Amino acid sequence: MSSEMRLKAPMGLLIDREKPLSFSFEGKQYRGFEGDSIASALLANQQWLMSRSFKYHRPRAPLTMAGQDANTLVQLGGEPNVLADREMIREGISVEGQNYNGTLEGDKDAYLGHFGRFMPVGFYYRSFFKPMGVWDKWESFIREKAGLGKLDLEFKPEYYDKKYLFTDVVVIGSGPAGMSAALKAADAGAKVLLVEEMPLLGGALTYNRFDIDGLQADNLRQQLIEKVTAHSNIEVMTDAVCNAWFTENYLPLIKGKRMYKLRAKECIVASGSYEQHVVFRNNDLPGIMLCSAATRLMKLYGVKPGSTAVVLTGNDDGYLTALELLANGVSVAAIVDLRKEHPWPELLGAVKQKGVQVIQNSTVYEALPTKGNKHIRGVDIRSIVAEGEVSEMATLLDCDLLCMSAGYMPAYQLLCQAGAQLSYKDELAEFKLSGLPQGVHIAGSVNGLHTLDAVLTDGANAAIRALRNLELSDEAETELNCQAKPNFGWPIFSHPKGKEFVDYDEDLQAKDIVNATRLGYRDVQLVKRFSTVGMGPSQGRHSALPTARLVAKSTDRTVTQTGVTTARPPFAPEKLAHLAGRIFDPRRHTAMHHRHLELGAKMIPAGNWRRPAYYGDAAQRDRWIREEAEHVRAKVGLIDVSTLGGIEVRGPDAAELMNRIYTFAFLKQPVGRTRYAVMTNEHGVVIDDGVACRIAEDHFYVTATTSGVERVYREMTKWNAQWRLQVDILHVTSAFAAVNLAGPDSRKVLETLVDDVDLSPEAFPYLAYREGKVAGIPARLLRVGFVGELGYEIHVPTRYGEALWDALMAAGKAFDIRPFGVETQRLLRLEKGHLIVSQDTDGMSHPGELDMAWAVNRKKPFFVGCRSVDIVMAQPQTRKLVGFTLPPDSTKPEEGHLVLKGDKIAGNVTSCEYSSASQSIIGLAFADIADSEPGSKISIRVDGEEILADVVKLPFYDPDNLRQEM
Amino acid sequence: MTVIKPELFNSRSFIYRTHQQAEFAEVAGAAQVLSYAQQGDPTTGLIDLSVRPRIGLRGPNAEEALLASGLLHPQQPNTLTVSDEGVMVLRLGRTEYWVLALPGASADLDLDALQQQLNGPGIYPVYCHDSYTWLALAGENLADIMAKVCAVDLREESFAPGDLVMTSLARVGGIICHHQMAGKTVYSIFSDSASAGYLWEALLDAMAEFDGAPAGQNLLLVADE
């Protein structure tokens, strides 16, 4: 067990010292407190090394302590790439380092750092593309060396979900600007959601020192939090990341295992800014961190970051950090100020009074490492003689901590996604955002303001703008003034030996960026893609600004002209589980669904319905289909056809609408009769079919295919929006449960259950429609012939569907009734030569190709697609849907197999099955028009074998329709 | 005495099998869940009202017919009324109306007879009893629960009692109606009857974090103490 080093309260805002926790890192046990991040607990135990860098396997330790860098990526159990400075410890968790060969401490691949000159930027693009195929040999080696973390392939998915949220005003970021904005908006009556990435409110107030005495931040934070938490109009959401901005303030918020999808009327982004590092040799050694990381460690976790510190700064904040370090027992060897000018006199006096040496106009030129680059042991300080250039004379200082601050980069990502533009202000050496869309506002340091007074005012001003849009206030904004200039213009100091890192994630040095431009990649977007700068987990939070400066200088342009790369969502690492979690996958069941399950049906999807394919185990599929088909032909069968689409067309113009929508004639269709209905689209292509029942002069009930009914309904309503016929169109698919009772004994079965309809062939002939009661259930009865036997479709209100099935199965028992499935139905209709739209048709099939000219009324003036049908049918026909047979012992083609004409593709098989009724393999296929006459042969390619099938006249079964018209 | 079970009736709820532990009563020739046995009333309950009587009508003359029938007429599209007799009338869009018998509705209410009465040119029946399942979500945290399945803002300030929305929930089309019963907030949900089982599970899943549970119609009749 390692020793801990904790500062006394009030340091350690996040930790609960009464709740110690144990965990392991690299197999060694450590202790921390509830509220500790993995990184803070490890640093408290003097365990600095947490990971190895991506390319050179250099030792790495926390840089930001805020989850903004890749240095703290660790493996947490089965989960790779966990941010150790954001993930809180829990009792018993097991953490490992990543990206090392052997042990984290003794990584055998650390030698790669010595070969940096052989791995220049883009080296793998240029090295492994020739000779042909060489990449295949290198790939596994490179992937092994470059991979991050290990995936747990035994991982069991956990429960993630999503939830919508709504608010008047969302404020992203709860720093002083965010809380000020939230309070202002809430006071005016707006409902406010305040979103904070960290576990506690306050933003920079939780860790930054704003005054010499170090009191201002704490006092202000407490005041603001008190007001915010007491305000009934403010809802606070901590530990939540706003991961993107989408049009009209549609914002994904990630919190724990849930993604909130927020719709906000107004959005105030007070996302703060990222402190920037200084680019010098070995600036990645453990023990080198941003000033804000050191203050976070002390104030949030009570961890003393070192014994002797050097502060390297380009602004006054470095001095305040030095005071904070001193207050917590860290000696400060020197403040190395990049600037020539002094800070404000009181601040300078305060640090000097404490005996701190201040070195102006100087930089750390090189950090000196302990053995194996495991930690910083000292710094080589040089005075700055020109932009990026230093003197020969070095001052060496011992230290075990280097805190640095080169300035700030606005957290611009969300705002740029909203359409804002970044422009570089040379006088401030800082990017500014402008051009925000309506409903999006900016406040605080992201807006380039750095003094507390200005930030608070800016927050209130942003709220005033939002309130104005909400018509809740007409207050004028308060003028504000901020003189702070925290950014140093050129904090980049190249070293002949390199390792001055611009991008820690990708191990990119200053020369890598410059070299990319020299290779011709002048555009920053190309530099990014060639060098991979900004493509790592930190997504350019620290590399974007130095890269822009380097590219600008190297290409003789301004930083504004150079710009930064596009900041696409997600803003922070997002798990696929957040996107995939609790996806809704609706499924539909018919009223008889459970009866099918009880009967052992093999269920298959049909759109979002589930339908019985056949009844029995899948291993004997062919047997069940054959037996069920034979049973329907010989006795009686029952199939659930509830999934058939249903549409009611009612009103004085009902017949006129039917006549215009479908190809057949419907104006004179007699009441009590059904008629086959084919629908074509405007291109003359057959898109659906069904049966139209005329219930009354002004009332049609028309069926449609299971998967096509939505389209048919849409087409009908769309067309009638133009036609303005007096008609009501109602989608009734779910309103009716339906069965097809089919087979020579079907009438006998039905007769036992119906006493108010004359079922005799004379009174209720083929294609007739009747209404009555079946087993006491109100029913619509249709004499149909889809499967080619005497048959009745029985449609009843859905609530009665199961009872209808039960009654028919019970009544049919005496006639040996048997249920049959949709696969069997497909065989039976195939035997009758009936096509299924979409299975036996495609996006080009016109009625002529399908031999359905009989279903097209050419005398009526109009139907949808009539002109196209005329045109395409007047063209020389090139193909046709034909029936074919093969001997029973032939190889059976499958649907989709190609039909060949010489060396050309003539069509494909659309349906094929063995038919015991025909004692042969039967099928439908598109064939060349020259081969479409019965007696022709078509060649079908089946798994490389070409087989010749006989084209025959349809149907295959009962050509005189004697059985269905019984 | 015969124990009432759903399978004793020809008319059945689309999800009656999920009510294994329930106590039923006959309602309009079907079995309606009164309560779940061995369970106190949950703070938030999901109740299957699918078998309860309801009729629908639409068309250019539907409004006139509805007014003539004396029913409490929702003045605005996408609103509803609830009468003292326990009749809820939904106005869906401009010209469609549903009339529903809430739990506890007057015994004299005969919706079949009303359907016959609301007949004539320009009036077309809507088969809302069979096309739609009727689920009621009652109790607390309803807006939070619905926010897990529906993109519409259903918080009280945006969705007051008497409002209804036609939208999508859990990717299924549906109608959500806000009303009160026995002092409780109730969202009556009407959705594709074929998806009833799916939606029932999706809503229970959404309710789980709020300790929601299946309940019977008694939850809508008894005020919390």
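Could you check the stretch A:877-894 and list, in sequence order, the residues that are farther than 12 Å from A:ILE940 by Cα, of a type in the set (Val, Ile, Thr) and in a loop (DSSP other than H, G, I, E, B)?
Matches in the stretch A:877-894: A:THR878 only.
Mind listing whichever residues of the stretch B:170-201 are within 9 Å of another protein chain (Cβ to nearest Cβ) and not in a helix (DSSP H, G or I)?
Residues satisfying the conditions are B:ALA170, B:ARG171, B:VAL172, B:ASP192.
Can you tell me which of (1) free of Cβ contacts under 8 Å to residues at least 40 places away in the same chain; (2) surrounded by fewer than 18 Cβ atoms within 10 Å (Cβ to Cβ); (3) touching a Lys or Arg at 6+ places or on another chain (Cβ under 9 Å) is the one A:GLN669 doesn't meet?
Of (1) free of Cβ contacts under 8 Å to residues at least 40 places away in the same chain; (2) surrounded by fewer than 18 Cβ atoms within 10 Å (Cβ to Cβ); (3) touching a Lys or Arg at 6+ places or on another chain (Cβ under 9 Å), only one is false for A:GLN669: (2).
Mind listing whichever residues of the stretch A:930-942 are in contact with an Asp or Glu (Cβ under 9 Å, 6 or more places away or on another chain) and either free of Cβ contacts under 8 Å to residues at least 12 places away in the same chain or not hydroxyl-bearing (Ser, Thr, Tyr) (or both)?
Hits for the stretch A:930-942 are A:PRO934, A:GLY935, A:LYS937, A:ILE938, A:ILE940, A:VAL942.
Six or more apart or on different chains, Cβ atoms under 6 Å: show the pairs whose first residue is in the stretch A:530-548 and within 16 Å of A:ILE492 (Cβ to Cβ) and in the same structural domain as A:VAL559 (by TED's automatic domain parsing) and whose second is charged (D, E, K, R) and modelled with pLDDT of 95 or more.
From the stretch A:530-548, the pairs are A:VAL533/A:ASP503; A:SER543/A:ASP503.
On the given criteria, is B:PHE159 surrounded by 20 or more Cβ atoms within 10 Å (Cβ to Cβ), at pLDDT 95 or above, more than 7 Å from chain A (Cβ to nearest Cβ) and more than 13 Å from the chain's Cα centre (by Cα)?
yes
Under 6 Å between Cβ atoms, which residue pairs at least 6 apart in sequence (or on different chains) link something in the stretch B:36-65 that is assigned to a helix (DSSP H, G or I) with a partner that is polar (S, T, N, Q) and surrounded by fewer than 24 Cβ atoms within 10 Å (Cβ to Cβ)?
Here the result reads B:ALA62/B:THR95, each pair linking the stretch B:36-65 to a residue that is polar (S, T, N, Q) and surrounded by fewer than 24 Cβ atoms within 10 Å (Cβ to Cβ).
With the condition kept exactly as written, say whether any residue in the stretch A:282-289 is free of Cβ contacts under 8 Å to residues at least 24 places away in the same chain and part of a strand (DSSP E or B). Reasoning before the result, please.
First pass over the stretch A:282-289, keeping only residues free of Cβ contacts under 8 Å to residues at least 24 places away in the same chain: none.
Checked against the condition, which is being free of Cβ contacts under 8 Å to residues at least 24 places away in the same chain and part of a strand (DSSP E or B), the stretch A:282-289 yields no hits at all.
Taking A:SER445, is it surrounded by fewer than 17 Cβ atoms within 10 Å (Cβ to Cβ) and outside the structural domain of A:VAL564 (by TED's automatic domain parsing)?
The answer is no for A:SER445.
Among the residues of the stretch A:495-534, which ones are assigned to a loop (DSSP other than H, G, I, E, B), surrounded by fewer than 19 Cβ atoms within 10 Å (Cβ to Cβ) and more than 32 Å from the chain's Cα centre (by Cα)?
Filtering the stretch A:495-534 for residues assigned to a loop (DSSP other than H, G, I, E, B) gives A:495-499, A:504-507, A:519-523, A:532-534.
After this cut, where a residue has to be surrounded by fewer than 19 Cβ atoms within 10 Å (Cβ to Cβ) as well, the list is A:496-498, A:519-520, A:522-523.
Listed by number, the residues that qualify are A:PRO496, A:LYS497, A:GLY498, A:LEU519, A:GLY520, A:ARG522.
Is the stretch A:296-307 home to any residue that is assigned by TED's automatic domain parsing to the domain that holds A:LEU325, out of contact with any Lys or Arg (no Cβ under 9 Å at 6 or more places or on another chain), part of a strand (DSSP E or B) and under 30 Å from A:GLY489 (Cα atoms)?
no
What residue, among those in the stretch A:633-650 that are away from every other protein chain (no Cβ under 14 Å) and farther than 16 Å from A:GLN919 by Cα, is surrounded by the fewest Cβ atoms within 10 Å (Cβ to Cβ)?
Residue satisfying both the conditions and the ranking: A:LYS635.
With the structure loaded, tell me whether A:VAL564 is surrounded by 16 or more Cβ atoms within 10 Å (Cβ to Cβ) and either in contact with a His (Cβ under 7 Å, 6 or more places away or on another chain) or free of Cβ contacts under 8 Å to residues at least 40 places away in the same chain (or both) or whether it fails that test.
no
Listed here are the residues, each with its yes/no results for (1) buried (at least 18 other Cβ atoms within 10 Å of the Cβ); (2) at positive phi; (3) away from chain B (no Cβ under 11 Å).
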position: A:PHE736; (1), (2), (3): yes, no, no
position: A:VAL749; (1), (2), (3): yes, no, yes
position: A:PRO761; (1), (2), (3): no, no, yes
position: A:LYS773; (1), (2), (3): no, no, no
position: A:GLY776; (1), (2), (3): no, yes, no
position: A:TYR792; (1), (2), (3): yes, no, yes
position: A:ALA803; (1), (2), (3): yes, no, no
position: A:PRO819; (1), (2), (3): yes, no, yes
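Per-residue answers, yes or no, for (1) closer than 29 Å to A:PHE155 by Cα; (2) of a type in the set (Val, Ile, Thr); (3) assigned by TED's automatic domain parsing to the domain that holds A:GLU197:
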position: A:LEU76; (1), (2), (3): yes, no, no
position: A:LEU83; (1), (2), (3): yes, no, no
position: A:ILE89; (1), (2), (3): yes, yes, no
position: A:ASN101; (1), (2), (3): yes, no, no
position: A:ALA110; (1), (2), (3): no, no, no
position: A:PHE141; (1), (2), (3): yes, no, no
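A:ALA567 is checked against (1) within 25 Å of A:SER538 (Cβ to Cβ); (2) touching a strand residue (DSSP E or B) at 6+ places or on another chain (Cβ under 8 Å) and fails just one. What number does that condition carry?
Answer for A:ALA567: the failing condition is (2).
Could we say that A:LYS352 is basic (Lys, Arg), within 31 Å of the chain's Cα centre (by Cα) and either surrounded by fewer than 20 Cβ atoms within 10 Å (Cβ to Cβ) or farther than 30 Å from A:HIS57 by Cα (or both) here?
Answer is no for this residue.
Assigned to a strand (DSSP E or B) and more than 14 Å from chain B (Cβ to nearest Cβ) - does that describe any residue in the stretch A:196-219?
no
In the stretch B:37-65, which residues are over 18 Å from the mean Cα position of the chain (by Cα) and crowded, with 21+ Cβ neighbours inside 10 Å? Before the answer, list the steps.
First, pick out the residues of the stretch B:37-65 that are over 18 Å from the mean Cα position of the chain (by Cα): B:37-43, B:58-65.
Across the stretch B:37-65, the qualifying residues are B:ARG58, B:GLY59, B:ALA62.
For the stretch A:769-855, please list each of the strands (runs of 3 or more DSSP E) lying entirely inside it that holds at least 2 residues being without any contact (Cβ under 8 Å) to a residue 40 or more places away in the chain. Lay out the reasoning, then the answer.
Details: elements: A:769-774, A:777-783, A:791-797.
It comes to A:769-774, A:777-783.
All but one of (1) under 28 Å from the mean Cα position of the chain (by Cα); (2) at pLDDT 95 or above hold for A:PHE155, so report the exception by its number.
Exception for A:PHE155: condition (2).
So B:SER158 clears everything in (1) small (Gly, Ala, Ser); (2) part of a strand (DSSP E or B); (3) more than 23 Å from A:ASP585 (Cα to Cα) except one condition, right? Which one?
It fails just one condition, (2).
Just give me the residues in the stretch A:672-685 being assigned to a strand (DSSP E or B) and either touching a Pro at 6+ places or on another chain (Cβ under 6 Å) or surrounded by fewer than 19 Cβ atoms within 10 Å (Cβ to Cβ) (or both), in sequence order. Show your work before the answer.
Pass one, the stretch A:672-685, residues assigned to a strand (DSSP E or B): A:673-680.
Within the stretch A:672-685, A:ARG673, A:TYR676 meet the criteria.
Does at least one position in the stretch A:145-159 carry a residue that is within 14 Å of chain B (Cβ to nearest Cβ), in contact with a Ser or Thr (Cβ under 9 Å, 6 or more places away or on another chain) and not in a helix (DSSP H, G or I)?
No.
Quickly run through the stretch A:465-489 and pick out the residues that are under 39 Å from the mean Cα position of the chain (by Cα) and farther than 30 Å from A:ALA429 by Cβ.
Within the stretch A:465-489, A:ALA466, A:LEU467, A:ARG468, A:ASN469, A:LEU470, A:GLU471, A:LEU472, A:SER473 qualify.
In the stretch A:551-592, which residues are away from chain B (no Cβ under 14 Å), among the hydrophobic types (A, V, I, L, M, F, W, C) and touching a Ser or Thr at 6+ places or on another chain (Cβ under 8 Å)?
A:VAL551, A:ALA552, A:VAL564
The values are calculated or read from the model by the stated rules, or taken from the named source; none is laboratory data. All values derive from a computational prediction rather than experimental measurement. Note that each Cβ is placed from the backbone with ideal geometry, even for glycine, and that neighbours are counted across all protein chains shown.
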